[in-house]
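Below: one structure, written as structure tokens.
The values are calculated or read from the model by the stated rules, or taken from the named source; none is laboratory data. Predicted model only: the values in this text are computed from it and were never measured. Cβ atoms come from the backbone with ideal geometry, glycine included; neighbour counts cover every protein chain shown.
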Amino acid sequence: MQPFRAPERHLMGPGPAPVAPSVLAASAQPTIGHLDPVFIALMDEVQQQLRQVLGTQNPYTVPISAPATAAMEACLANVLEEGDSVLVCVNGVFGTRLAEMARRCRAQVRELAFDWGRAVEPEAVRAALAEQPAKLVCWVQAETSTGVLSDSQALAAICREVGALSLVDCVTAIAGVPIRIDEWGLDMVYAGTQKCLSAPPGLAPISIGPRALEALAARERAPQSWFMDFNLLGGYWAGEGKRAYHHTAPVNAVYGLHEALRLLLEEGLEASWERHAANARRLWAGLEALGIRLAVPEAERLPPLTLLEIPEGIDDAAFRKYLLETHGLEIGAGLGQFAGRCWRIGLMGHGSNEVAIGRCLRALADGLTHFGHRADAAPALDAAGVAA
Ligand SMILES: Cc1ncc(COP(=O)(O)O)c(C=O)c1O
């Protein structure tokens, strides 16, 4: 058996996104003990970095040793008890997943449905809560399945008005668009490392605010999951100098996350948000010059992830296979209602740059020509402001 060698790929799908070389190098350092004082100091620093990136002073801000789906489930399993009422805003795959998980917590789940490809409407949430209160309201700030950005600030304000807790999916939002936990009053947030943070998948930052911690303390029974019990996990990550063994943290992944957060803070959070927005605008202009229609209204578009309509007569899977084999370029398929109708192009983290925009527009123009459409890269590159 030969050692595995990863092929060279240009990742421009919904994630994972390209990982910065220094993040890979940081992760390749020797593994040290997870209770080594040097590692404990690193854990403290990662928590500080995450607080800065998420705009919060919440002491309970930690990376969970698991993918973001596990963080999503952990938040629900900790805050919900049997019979609790939850309002889940559903405008794509991840809202649907939140609702399904909340049902498995035996909560009373109401789904508030929005058209896929459109944002969650704050006024509809206000009306739903006026009709029937809820302990918890959940939404996805950056719906990766549809390339839509929802207004967490407005939604959080409504939750505060009616005394409901908020749980926000920030997996694709983190580092790509503003998140201000304390200023907006978000109660529970989970995120991922493999999108705009440009770290490998496998860790999931979470931040739990004081009102949510009160709700956890008031539970009648401990959560069913031992591993995900935030009280126990807090003793490991947020143990204020005396950490108790809970599980063995993925030491090398934490090295990588630290470096990814260091790079982000060195660039500056606002600079990172602005870079994602500016590069997305360039990509959108280039795609439109290629004659491709964008599926989400501009005001609701998510800069790190663009949903585009597949031109008439193109075979979705064959086209994406061609891009991968001929250009080493990965773009994402549509999900759910958009399967076979749309593609998803990511400009996330380290991968949100001019070279990636140019590569993508050239590859799409070549692919369209290969599949019998007329497409010229030059005007698209010009519209995107990329050197030909
Ligand atoms: C918005 C959103 N939520 C949750 C997830 C789940 O993350 P993971 O695949 O790391 O479990 C994803 C992954 O794409 C996502 O985009």
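Pick from VAL19, VAL23, VAL46: which is within 16 Å of the ligand (Cβ to nearest atom) and under 26 Å from GLY268 (Cβ atoms)?
VAL19
Return the residues of segment 233-284 that are farther than 28 Å from VAL296 by Cα, assigned to a helix (DSSP H, G or I) and more than 19 Å from the chain's Cα centre (by Cα); say none if nothing qualifies.
LEU233, GLY234, GLY235, TYR236, TRP237, VAL251, ASN252, TYR255, GLU266, GLU267
Could you please find all residues in segment 209-261 being hydrophobic (A, V, I, L, M, F, W, C) and free of Cβ contacts under 8 Å to residues at least 24 places away in the same chain?
Pass one, segment 209-261, residues hydrophobic (A, V, I, L, M, F, W, C): 212-213, 215-218, 222, 226-228, 230, 232-233, 237-238, 244, 249, 251, 253-254, 257, 260-261.
If the condition is that a residue be hydrophobic (A, V, I, L, M, F, W, C) and free of Cβ contacts under 8 Å to residues at least 24 places away in the same chain, then ALA217, ALA218, ALA222, TRP226, PHE227, LEU232, ALA244 are the ones that fit.
Being touching a residue at least 24 places away in the same chain (Cβ under 8 Å), of a type in the set (S, T, N, Q), more than 22 Å from ALA124 (Cα to Cα) and away from the ligand (no atom under 16 Å from the Cβ): is that true of THR69 here? Explain how you work it out, then say what you get.
Details: touching a residue at least 24 places away in the same chain (Cβ under 8 Å): yes; of a type in the set (S, T, N, Q): yes; more than 22 Å from ALA124 (Cα to Cα): yes; away from the ligand (no atom under 16 Å from the Cβ): no.
So THR69 does not fit the description; no.
For GLU100, all conditions in the list (1) buried (at least 24 other Cβ atoms within 10 Å of the Cβ); (2) within 16 Å of the ligand (Cβ to nearest atom); (3) more than 16 Å from the chain's Cα centre (by Cα) hold save one; what is the number of the exception?
Evaluating GLU100 over (1) buried (at least 24 other Cβ atoms within 10 Å of the Cβ); (2) within 16 Å of the ligand (Cβ to nearest atom); (3) more than 16 Å from the chain's Cα centre (by Cα) leaves (1) as the failure.
Here are ALA175, ALA127: which of them is away from the ligand (no atom under 12 Å from the Cβ), more than 26 Å from GLY346 (Cα to Cα) and not charged (D, E, K, R)? Even if it seems obvious, please write down each step before you answer.
Working: ALA175 fails: more than 26 Å from GLY346 (Cα to Cα).
Answer to the selection: ALA127.
It is to be established whether one or more residues within segment 222-232 are within 16 Å of the ligand (Cβ to nearest atom) and within 15 Å of the chain's Cα centre (by Cα).
For segment 222-232, residues within 16 Å of the ligand (Cβ to nearest atom) and within 15 Å of the chain's Cα centre (by Cα): absent.
Taking the stated definitions as given, is ILE181 within 15 Å of the ligand (Cβ to nearest atom) and closer than 23 Å to GLU267 by Cβ?
Numbers: within 15 Å of the ligand (Cβ to nearest atom): no; closer than 23 Å to GLU267 by Cβ: yes.
So ILE181 does not fit the description; no.
With (1) modelled with pLDDT of 95 or more; (2) outside any loop (DSSP other than H, G, I, E, B); (3) under 22 Å from the mean Cα position of the chain (by Cα) as the list, and GLN337 as the residue in question, which single condition is left unmet?
The one condition GLN337 does not meet is (1).
Could you list, in sequence order, the residues of segment 291-314 that are out of contact with any His (no Cβ under 9 Å at 6 or more places or on another chain) and in a loop (DSSP other than H, G, I, E, B)?
Once the filter is applied, which keeps residues that are out of contact with any His (no Cβ under 9 Å at 6 or more places or on another chain) and in a loop (DSSP other than H, G, I, E, B), segment 291-314 yields ILE292, ARG293, ALA295, VAL296, PRO297, ILE310.
Among what's in segment 103-120 and is assigned to a loop (DSSP other than H, G, I, E, B) and buried (at least 19 other Cβ atoms within 10 Å of the Cβ), pick the residue that is farthest from the chain's Cα centre (by Cα). Show your work before the answer.
Of all residues in segment 103-120, those assigned to a loop (DSSP other than H, G, I, E, B) come to 105-107, 114-120.
From the residues that got through so far, the ones that are buried (at least 19 other Cβ atoms within 10 Å of the Cβ) too are 105, 107, 114, 116-117, 119-120.
Details: CYS105: 23, ALA107: 25, PHE114: 20, TRP116: 17, GLY117: 16, ALA119: 16, VAL120: 16 Å.
Among those residues, the one meeting the criterion is ALA107.
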